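The next block holds one structure in the form of structure tokens; read it before the comments.
The values are calculated or read from the model by the stated rules, or taken from the named source; none is laboratory data. Remember, predicted model here, so these are calculated numbers, not experimental data. A quick note on method: Cβ atoms are made from the backbone with ideal geometry, for glycine too, and the neighbour counts reach across all protein chains shown. We work out accessible area using only protein heavy atoms, side chains counted, and drop any ligands, DNA or RNA first. Shrake-Rupley method; radii C 1.70, N 1.55, O 1.52, S 1.80 Å.
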Amino acid sequence: MNDTVNLSLPSKPEYVSVARLTASFVANKMGFDIEAIEDIKLAVGEACNNAVLHSGSKDTYNLEFRQNNETLSIEIKDFGNGFDFNNYHEPMLEDPQESGLGLFIIKALMDEVKIDTEEGLGTKIIMSKIVE
Ligand SMILES: Nc1ncnc2c1ncn2[C@@H]1O[C@H](COP(=O)(O)OP(=O)(O)O)[C@@H](O)[C@H]1O
Ligand SMILES: [Mg+2]
């Protein structure tokens, strides 16, 4: 099975649930269990929140959900400001903060995460998970 779903969403918080619902549908269709589906929804929601809140983005951002046999790959791409990944520090879990957890959560919940970001050009995050 090799299906791809593409979405273009307004860069507004209220549309993040469309991305979460789509993630849920595709993951369910591929046979992920309920716990994994919740993890995927959470990871997608965090990446979308970042695209909406941090990118200073234009009007829309894009998502692509690719099903490749047992692997679900989700790409979230904005056309905003990007950021300096060298300045990104993982959160100190012994000193928990309310913010700064999104990327950490995404990496913890997904099997593989790649972040491509360039200041002035935008950010692309590709996350994938394999059906167990
Ligand atoms: N799509 C994005 N566009 C611009 N900056 C981003 C993007 N995603 C993440 N960042 C930067 O990385 C930081 C860490 O993101 P995250 O771990 O989700 O924590 P938080 O969103 O709570 O700050 C953000 O504060 C922001 O500076
Ligand atoms: Mg965040």
### Task
Being within 19 Å of Glu118 (Cβ to Cβ) and either in contact (Cβ under 8 Å) with a residue 60 or more places away in the chain or near ligand 1 (Cβ under 7 Å from one of its atoms) (or both) is the filter here, so list the residues in segment 65-101 that pass it.
Asp78, Gly80, Asn81, Gly82, Phe83, Tyr88
### Message
Looking at segment 1-31 only, could you name the residues that are surrounded by fewer than 14 Cβ atoms within 10 Å (Cβ to Cβ) and in contact (Cβ under 8 Å) with a residue 60 or more places away in the chain?
### Response
Met1, Asn2, Asp3, Thr4, Gly31
## Note on the structure
Across segment 39-61, the tally of residues that are touching a Lys or Arg at 6+ places or on another chain (Cβ under 7 Å), under 13 Å from Thr22 (Cα atoms) and within 12 Å of ligand 1 (Cβ to nearest atom) stands at 1
### Query
Only one of Glu132, Glu94, Glu98, Glu119 is within 14 Å of ligand 2 (Cβ to nearest atom), more than 17 Å from the chain's Cα centre (by Cα) and open to solvent by 90 Å² or more (accessible area, probe 1.4 Å); which?
Glu98
#### Entry: In segment 32-53, residue nearest to Pro13 (Cα to Cα) [restricted to those that are touching a residue at least 60 places away in the same chain (Cβ under 8 Å) and open to solvent by 50 Å² or more (accessible area, probe 1.4 Å)]
Leu42
### Query
If the Cβ limit is 7 Å and pairs must be 6+ apart or interchain, which residue in segment 105-124 that is part of a loop (DSSP other than H, G, I, E, B) pairs with which residue that is of a type in the set (Gly, Ala, Ser) and surrounded by 19 or more Cβ atoms within 10 Å (Cβ to Cβ)?
Met110/Ala43; Glu119/Gly82; Gly120/Gly82; Leu121/Gly82
### Message
Among the residues in segment 52-70, are any hydrophobic (A, V, I, L, M, F, W, C), within 14 Å of ligand 2 (Cβ to nearest atom) and not in a strand (DSSP E or B)?
### Response
yes
### Task
Might you let me know whether segment 73-83 holds any residue that is of a type in the set (Phe, Trp, Tyr), away from ligand 2 (no atom under 16 Å from the Cβ), surrounded by 16 or more Cβ atoms within 10 Å (Cβ to Cβ) and at pLDDT 90 or above?
yes
### Query
Does segment 106-114 include one or more residues that are on the phi < 0 side of the Ramachandran plot, surrounded by 14 or more Cβ atoms within 10 Å (Cβ to Cβ) and at pLDDT below 95?
no
